[in-house]
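Read the structure below first, then the notes.
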Amino acid sequence: MPKYLKWLFTFGVVLVLQSMAYATDGYKLWLDYKTISDSTLLKEYQSLVGSVQAYGNSETIEKANRELHEGLSGLLGMNAKKLKGTYSIVIGTYQTLPKDIASQFSNGLENINEEGYVIKSLGNHIVITAKTDIGVLYGAFNFLKRLQTQRSIENLNITDSPKIDIRILNHWDNLDRSVERGYAGFSLWNWHQLPDYKDPRYEDYARANASIGINGTVLTNVNSNALVLTPQYLEKVKALADIFRPYGLKVYLTARFSAPMEIGGLQTADPLDANVKTWWKNKVEEIYTYIPDFGGFLVKANSEGQPGPQNYGRNHVDGANMMAEALAPFNGVVMWRAFVYSEHDATDRAKQAYNEFVPHDGQFKDNVIIQVKNGPIDFQPREPFHPMFGAMPNTNLMIEFQITQEYMGGATHLVYQPKLFEEVFEADTYQKGKGSTVAKVIDGSLHNKKITGVAGVSNIGTDRNWTGHHFLQANWYGFGRLAWDPYLNSEDIAKEWTRMTFSNKAKFVDKVADMMITSREAVVNYMTPLGLHHIMATGHHYGPGPWVGNLSRPEWNPVYYHKADSKGIGFDRTPSGSNATAQYAPEVAAMFNNLTSCPEKDLLWFHHVQWSYKLKNGHSLWNGMALKYQEGVNQVAQMQTTWNQLENDVDAQRFNEVKMMLNIQYKEAKWWKDACLLYFQQFSKMELPKGVEAPAHTLEYYQNLQFPYAPGIRPQW
Ligand code: GCW
């Protein structure tokens, strides 16, 4: 072979290999517009899709136009400019569309809200329109999704609007680029190089968020650093905000309550002090000179050592309203967190947030929204819904989920969280009788709320695949989908994501979705079955630690939560115990209080139950618990089997990476089972039942394991 041919050949091979690697490393998320492999379908789509005609010249419309070009070119395997199918794809807002097209939407677009969209077949057009540019972009993504998931694009008449206003990621990212409870590398925000160096990844991040309707991002950790509010950093924040804006993604920051002292030179941060008020007013005004559409502040105050109004004898209302006043002229909001509990308060930690906030119902300003974690303790594998959701009819409430897996195995465990989110949204608060679900509280329909919101603590970092584990991309995706519409079905979301991310083969989709759905219960089973909670190791929270009982604050100790003794196990939160159930509506409280009506999945959350207590399946509590732990391990084994069967349907890179992760998950599921059962067995003094594998090591062995460098730990702890 002549030299030049050899060279060309090698070059070609390298190019092909490179593009393969790029296509399968997970970077493209669910937006990898691979050409449709089913040739009949491909031809059909090619015969239907014509040119894209975009009306309007905003940056957002430009992005929508570009997305359609890239998406169609990829999916249909030819340059989109050359498409000559029946229907041209017409995009634009109602105002910018040609009059003859716009006039066919007879009542304007009254069925959608400001961010909603309409996709409608009209003669030789498929029209994607909205009231705003961002609505058009959302519609463009939805249209592409139809092709990605291989649905019909004929006779379309789709209207869709988000049901919740603020759909936001909370990054627990520090200015040194470490990420508290982050397991996917470092923070995306390269503060040192900003504002001049604009990593293309910033735009990819905004685009991915827009594709699932996420419209806000809090860039910084709730354990906050006031420096981000200084001009030096605001300039950097502005650079990010400018990149995110065309994608409808608003920037928010965490506001450190003591900032007036730390960066403002004041002697106090008392929210009722006139100088403090003025300082925040000026600071907010300054922020808006950099970022005219700045979203507002997220505040963690008087919680886990963060400063707050209580340092000055004031309360949450004083603190939140003071900031809200400064933000109101600019339509900014304050998201004030309800994650509070105190070492000086001896009451059950599960009750403390409610006790601190509910008496203030109706006192917060209109642009304050109280951000409440999904459950009353702290993002455990399973918690009952937070009682505050059924108790503050006159206050804006938003829900906070934790997408990053602080308590669910970090980024190595495949846990499909939208199933958990769905479970919480479906829970019934009974606040206005049966059917008063958490979803209705959060979307504002139960009480006619002015602002509504859903927050998710991000699982995103610098890892090439964004989330550390390919399948954890589904949690970012599913979070966005459910924040848009909390009534969606998590199983449908799993299938949709699988089709977009991997393959449309029906068998593959079913098997993968099945594995994802199972994973949610699996993690509960192998970590904290039957309502157990907070029994993880200390600090990094990696692995089991039910034996821990020596921490300075009682409510940090696992023994505080499981209360295992010779009689039984579990936290009595009924009237004979802490009476936390009284914080729920009477119907809900009655259900939890009664041992037989309390769902067994929440049993040990609400009751201290005897080891010999008979579960619904006839097993004693001890045997039932041991079998649940084993079931969790078996479920992971089943996930491994399923995945191994799919080798031929997945590219080698992702197949192998997921396979290795599942091996870790299996090992760690066994570790949890063995360590917890050995520890609890000291109290039950009962044998492991048939069907439960004997532990691999002694209890002492598990108790001595140390992981000083486990990821995600808070640098200051
Ligand atoms: O669960 C705890 C985490 C902390 C976190 C805190 C919170 C950001 O261990 O790392 O701090 O919750 O939500 O504020």
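Please give the per residue accessible area of the range 166-489, computed with a probe of 1.4 Å over protein heavy atoms only, in Å².
With all protein chains present, the range 166-489 gives 29 Å² per residue.
Which of Phe425, Gln402, Ser436 sits farthest toward the positive end of the charge dipole of the range 358-466, with +1 on the Cβ of Lys and Arg and -1 on the Cβ of Asp and Glu?
Ser436
Taking the Cα centre of the range 28-160 as the origin, how large is its charge dipole in debye, to the nearest 20, when only Lys and Arg (+1) and Asp and Glu (-1) carry charge on their Cβ atoms?
Once rounded to the nearest 20, the dipole reads 440 debye.
Please work out the Cα center distance from the range 637-675 to the range 598-622, rounded to the nearest Å.
The two parts, judged by their Cα centres, are 31 Å apart.
Looking at Ile158, His607, Leu488, which one has the Cα that reaches farthest to the positive end of the dipole of the chain (charges on Cβ: Lys, Arg +1; Asp, Glu -1)?
Positive-end residue among those listed: Ile158.
Taking N as the number of residues in the chain, what value does Rg over Cα atoms divided by 2.2 N^0.38 Å take?
The chain yields a ratio of 0.99.
Using 0.36 nm per residue, how much length does the chain from Ala582 to Ser37 gain when fully extended, once their Cα-Cα distance is taken away?
On the way: separation 545, 0.36 × 545 = 196.20 nm, distance 5.71 nm.
Gain on stretching Ala582 to Ser37: 190.5 nm.
I need the shape label for the range 521-605. Rule: rounded when a/c is under 1.5, else prolate if a/b > b/c, else oblate, with a, b, c from the alpha carbon gyration tensor.
In terms of gyration-tensor shape, prolate.
Summing +1 for each Lys or Arg and -1 for each Asp or Glu, what net charge is found among the other residues whose Cβ lies under 14 Å from the Cβ of Leu137?
-3
Quick one: dipole size for the chain, taken about the Cα centre, charges +1 on Lys/Arg Cβ and -1 on Asp/Glu Cβ, in debye to the nearest 20. Provide the component values of the computation, followed by the final result.
Details: 69 positive and 73 negative charges, 243 e Å.
Around 1160 debye, computed over the chain.
Around Glu600, what is the net charge, scoring Lys/Arg as +1 and Asp/Glu as -1 over all other residues with Cβ under 10 Å from its Cβ?
Net charge in that neighbourhood comes out at +2.
Exceeding 20 Å between C-alpha atoms, which entries from my cross-link table qualify? They are Lys628/Lys667; Lys563/Lys601; Lys616/Lys690; Lys495/Lys673.
Long pairs (Cα-Cα over 20 Å): Lys495/Lys673.
Can you tell me, using C-alpha contacts under 8 Å and at least 6 residues apart, the relative contact order of the range 28-160 as a whole percent?
About 25 percent, as a whole number.
Quick one: check the C-alpha center-to-center distance for the range 384-417 versus the range 257-303, whole angstrom.
For the range 384-417 versus the range 257-303, the Cα centre distance is 28 Å.
Quick one: accessible surface of Arg177, probe radius 1.4 Å, all protein chains present, in square angstrom to the nearest 10.
Approximately 60 Å² of Arg177 is accessible to the 1.4 Å probe.
Give me the distance in nm between label points sitting 7 Å out from Cα along the Cα-to-Cβ direction at Tyr27 and Phe707, one decimal.
2.9
Only loop residues by DSSP count here, and only those with at most 15 other Cβ atoms within 10 Å; note down the GluC sites (Glu not before Pro) in the range 324-399 that meet that. Don't skip to the end; give the middle numbers.
On the way: sites: Glu325, Glu343, Glu356; in loops: Glu343.
When the GluC sites (Glu not before Pro) of the range 324-399 are filtered for loop state and at most 15 Cβ neighbours within 10 Å, Glu343 remain.
Using a Förster distance of 35 Å, how high is the FRET efficiency between Arg146 and Ala696, based on the Cβ-Cβ distance and rounded to 0.05?
0.10
What length, rounded to one decimal in nm, is gained on full extension from Lys434 through to Glu304, with 0.36 nm per residue of separation minus their alpha-carbon distance?
Fully extending the segment from Lys434 to Glu304 adds 43.2 nm.
What number, in percent, do you get for the relative contact order of the range 166-489 if the mean sequence gap of Cα pairs under 8 Å and at least 6 apart is divided by its residue count?
19
I need the calculated FRET efficiency for the pair Glu62 and Lys685, taking r as the beta carbon distance and R₀ as 56 Å, to the nearest 0.05.
0.20
Where the eigenvalues come from the Cα gyration tensor of the range 166-489, what are the semi-axes √(5λ) of the equivalent ellipsoid, largest first, in whole Å?
Each semi-axis is √(5λ); the values are 27, 26, 18 Å.
First check a/c for the range 28-160, with a ≥ b ≥ c the square roots of the eigenvalues of its C-alpha gyration tensor; if it is under 1.5, answer rounded, and if not, answer prolate when a/b is larger than b/c or oblate otherwise. Don't skip to the answer; put the middle values down first.
Numbers: a/c = 1.77, a/b = 1.55, b/c = 1.14.
Since a/c reaches 1.5 and a/b is larger than b/c, the shape of the range 28-160 is classed as prolate.
Express the relative contact order of the chain as a whole percentage, based on alpha carbon pairs under 8 Å and six or more residues apart in sequence.
Working: 1380 pairs, mean separation 81.2, N = 717.
Relative contact order comes out at 11 percent.
Would you please report the Å³ per residue occupied by the convex hull of the alpha carbon atoms in the range 190-267?
Hull volume normalised by residue count: 88 Å³.
When the helix-only estimate is applied to the chain (DSSP H runs of n ≥ 4, each -39,500 (n - 2.57), divided by the residue count), what is the mean residue ellipticity at 222 nm, nearest 500 deg cm²/dmol?
-12500 deg cm²/dmol
Quick one: if you stick a label point 7 Å off each Cα along the C-beta vector at Lys601 and Gln653, how many nm between them?
Going from the Lys601 label point to the Gln653 one covers 3.7 nm.
Please give the length that would be gained between Gln104 and Asn617 if that part of the chain were fully extended, namely 0.36 nm times their separation in residues minus their C-alpha to C-alpha distance (nm, one decimal).
178.7 nm
Could you order the peptides 157-166, 616-625, 245-254 from most to least packed, using the average number of other C-beta atoms within 10 Å per residue?
Working: 157-166: 19.3, 616-625: 17.7, 245-254: 22.6.
Going by the mean number of other Cβ atoms within 10 Å, highest first, we get 245-254, 157-166, 616-625.
Cα-Cα over 29 Å: which of Lys351/Lys567; Lys84/Lys120; Lys63/Lys373?
Lys63/Lys373
With unit charges on the beta carbons (Lys and Arg positive, Asp and Glu negative) and the dipole taken about the Cα centre of the chain, which residue among Leu137, Leu677, Phe294 sits farthest to the positive side?
After comparing all options, I get Leu137.
Between Ile158 and Gln193, take the C-beta separation as r, use R0 = 45 Å, and let me know the FRET efficiency to the nearest 0.05.
The pair Ile158/Gln193 has a calculated efficiency of 0.60.
Quick one: net charge of Gly313's neighbours, Cβ under 14 Å, K/R +1, D/E -1?
Net charge in that neighbourhood comes out at -2.
Calculate the length of the line joining the C-alpha centroid of the range 510-535 to that of the range 187-224, in whole Å.
Comparing the Cα centres of the range 510-535 and the range 187-224, I get a distance of 31 Å.
For Lys238, give me every one of the aspartates and glutamates with a C-alpha distance below 13 angstrom, ignoring sequence neighbours fewer than eight places off in its own chain.
By straight Cα distance, Lys238 reaches Asp196, Glu286, Asp293.
The values are calculated or read from the model by the stated rules, or taken from the named source; none is laboratory data. Source: prediction; values computed, not measured. Backbone-built Cβ (ideal geometry, glycine too); neighbour counts: all protein chains shown. These area figures cover heavy atoms from the full protein model, side chains too; ligands, DNA and RNA do not enter into them. Shrake-Rupley method; radii C 1.70, N 1.55, O 1.52, S 1.80 Å.
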